[in-house]
Amino acid sequence: MKLLDIFGLLKKDMDYIEKELYRSVQGEQKLLSETSLHLLKAGGKRLRPVFVLLGGKFGTYDIERLKLVAVPLELIHSASLVHDDVIDNAATRRGKPTVKSKWDNRIAMYTGDYIYGKALEMTAGLSDPAIHRILAKAMVQMSIGEMEQIRDFFNTGQSVRNYLLRIRRKTALLIAVSCQLGALATRAPEHVSSLLYTYGYNVGMAFQIQDDVLDLVGTEKQLGKPPGSDMKQGNITLPVLYALQEPNLREPLLEEISRVQHEEGRASASDAIGMIRKSQGIAKAEALADRYMKKALDALDQLPNIKTTKNLRDIAHFVVKRTH
């Protein structure tokens, strides 16, 4: 089964979530509504709402309760992207102009803040304090991850451990809590929500590693942005760190990265990308993503053997094998 097939199983409810996403950012301030909708309409995989809905299948499934988790989680993710694009000076996302490039940095920052506010406004409809605590902690960790990314811009001396801690905070935790909160919102057993968290965390780690690999091996058409965008923005990702560990490549690759840094985005990263593609960096990063996926699948083996568990297994395979 492909991811689109899983979406098909949830089509009615995902269509409803999509409408609620658009509705949630409508407000009295027309420009903020317009900029927020611009981002949402650019599309995206909507993985977090899908995980919420699938997590909800392990309890008493109720789309009206689940939307109060699914919509805010996608909004929080979207708000972080608006802020990311300002920090990274990104002109395009998903093949469309970013909010910061279509308007400006100030409007983009307030758009992100506005979307965060709308997410919190919607979660107010949930009375369970545990859900609010989990969500708040995830948002704090995301912010720490963003600061760590800024601190490590063009830091070729960072460790693999630092990279993994950063993507844990920036990506994996929000996917983990998407799975967990879907189960909690529908009152699934606690051990089930805990296993779903473990599954989501490991899928999230694999997802981000694969995303970083794709940035180096994908085409502009596949990515919706030029390949090597991460490096040009200063993000030293796992395949790069692994390539830098190869003695014959280290010095020339350091020189290329330094050139990209000092030409402030004007330089092409194609030479550096070529070196990384010839190294073992891509294969080693993919192998680590596979190990995280195996941990995710191990968690699923402890869940009830229902159709939803198979759907989650299919998503895990999609995450690591996808090409965009």
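The values are calculated or read from the model by the stated rules, or taken from the named source; none is laboratory data. Keep in mind that this is a model prediction, so the values were computed, not measured. When we count neighbours, we look across all protein chains shown, and the Cβ atoms used for this are built from the backbone with ideal geometry, even at glycine. Just the protein is used for accessible areas: all its heavy atoms, side chains included, with ligands, DNA and RNA removed. Shrake-Rupley method; radii C 1.70, N 1.55, O 1.52, S 1.80 Å.
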Provide a single number: the residues in region 28-39 that are farther than 20 Å from Ala70 by Cα and open to solvent by less than 60 Å² (accessible area, probe 1.4 Å).
2
Give the residues of region 164-206 that are under 11 Å from the mean Cα position of the chain (by Cα) and within 15 Å of Arg291 (Cβ to Cβ), sorted by residue number.
Ile167, Arg168, Ala172, Val203, Gly204, Met205, Ala206
Regarding Val82, is this residue under 17 Å from the mean Cα position of the chain (by Cα), of a type outside the set (S, T, N, Q) and open to solvent by 50 Å² or more (accessible area, probe 1.4 Å)?
no
Looking at (1) open to solvent by 40 Å² or more (accessible area, probe 1.4 Å); (2) without any contact (Cβ under 8 Å) to a residue 12 or more places away in the chain; (3) within 22 Å of the chain's Cα centre (by Cα), can you tell me which one Thr309 breaks?
(1)
Report yes if Thr219 is of a type in the set (S, T, N, Q) and touching a residue at least 12 places away in the same chain (Cβ under 8 Å), otherwise no.
no
Within region 117-135, restricting attention to residues that are of a type outside the set (Asp, Glu), assigned to a helix (DSSP H, G or I) and open to solvent by 50 Å² or more (accessible area, probe 1.4 Å), which residue is farthest from Gly182 (Cα to Cα)?
Leu120
Exactly one of (1) open to solvent by less than 30 Å² (accessible area, probe 1.4 Å); (2) among the hydrophobic types (A, V, I, L, M, F, W, C); (3) part of a loop (DSSP other than H, G, I, E, B) is unmet by Ala183. Its number?
(3)
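Suppose we filter Asp230, Asp271 for residues that are within 27 Å of Arg168 (Cβ to Cβ), modelled with pLDDT under 90 and charged (D, E, K, R); which single one remains? Outline the logic, then answer.
Details: Asp271 fails: within 27 Å of Arg168 (Cβ to Cβ).
Within the list Asp230, Asp271, the selection yields Asp230.
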Restricted to region 137-150 and to residues being open to solvent by 50 Å² or more (accessible area, probe 1.4 Å) and modelled with pLDDT under 90, the residue nearest to Gly27 (Cα to Cα) is Ser143
Exactly one of these conditions fails for Gly125: (1) under 25 Å from Phe51 (Cβ atoms); (2) without any contact (Cβ under 8 Å) to a residue 24 or more places away in the chain; (3) over 20 Å from the mean Cα position of the chain (by Cα). Give me its number.
(2)
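Please go through region 44-79 and give me each residue that is part of a helix (DSSP H, G or I), open to solvent by 10 Å² or more (accessible area, probe 1.4 Å) and not charged (D, E, K, R), ordered by number.
Keep residues of region 44-79 that are part of a helix (DSSP H, G or I), which gives 47-56, 63-79.
Restricting the remaining residues to those that are open to solvent by 10 Å² or more (accessible area, probe 1.4 Å) gives 48, 63-65, 67-68, 77.
Residues satisfying the conditions are Ile63, Leu68, His77.
If I ask for residues that are under 25 Å from Ala70 (Cβ atoms) and either open to solvent by 40 Å² or more (accessible area, probe 1.4 Å) or hydrophobic (A, V, I, L, M, F, W, C) (or both), which ones from region 100-113 would you list?
Start the filter on region 100-113 by keeping residues that are under 25 Å from Ala70 (Cβ atoms), which leaves 108, 110-113.
Once the filter is applied, which keeps residues that are under 25 Å from Ala70 (Cβ atoms) and either open to solvent by 40 Å² or more (accessible area, probe 1.4 Å) or hydrophobic (A, V, I, L, M, F, W, C) (or both), region 100-113 yields Ala108, Tyr110, Asp113.
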Looking at Thr198, is it closer than 19 Å to Leu39 by Cα and either of a type in the set (Phe, Trp, Tyr) or out of contact with any Pro (no Cβ under 7 Å at 6 or more places or on another chain) (or both)?
no
Odd one out for Ala172, checked against (1) touching a Gly at 6+ places or on another chain (Cβ under 7 Å); (2) free of Cβ contacts under 8 Å to residues at least 12 places away in the same chain:
(2)
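Taking the condition in contact with a Pro (Cβ under 9 Å, 6 or more places away or on another chain) and buried (at least 22 other Cβ atoms within 10 Å of the Cβ), does Ile175 pass?
Values: in contact with a Pro (Cβ under 9 Å, 6 or more places away or on another chain): no; buried (at least 22 other Cβ atoms within 10 Å of the Cβ): yes.
Considered against the rule, which asks whether it is in contact with a Pro (Cβ under 9 Å, 6 or more places away or on another chain) and buried (at least 22 other Cβ atoms within 10 Å of the Cβ), Ile175 comes out as no.
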Which numbered condition Asp271 fails, given (1) in contact (Cβ under 8 Å) with a residue 24 or more places away in the chain; (2) farther than 27 Å from Val192 by Cβ; (3) touching an Asp or Glu at 6+ places or on another chain (Cβ under 8 Å):
(1)
With respect to Ser194, determine if the residue is surrounded by fewer than 18 Cβ atoms within 10 Å (Cβ to Cβ), closer than 16 Å to Phe51 by Cα and not charged (D, E, K, R).
yes
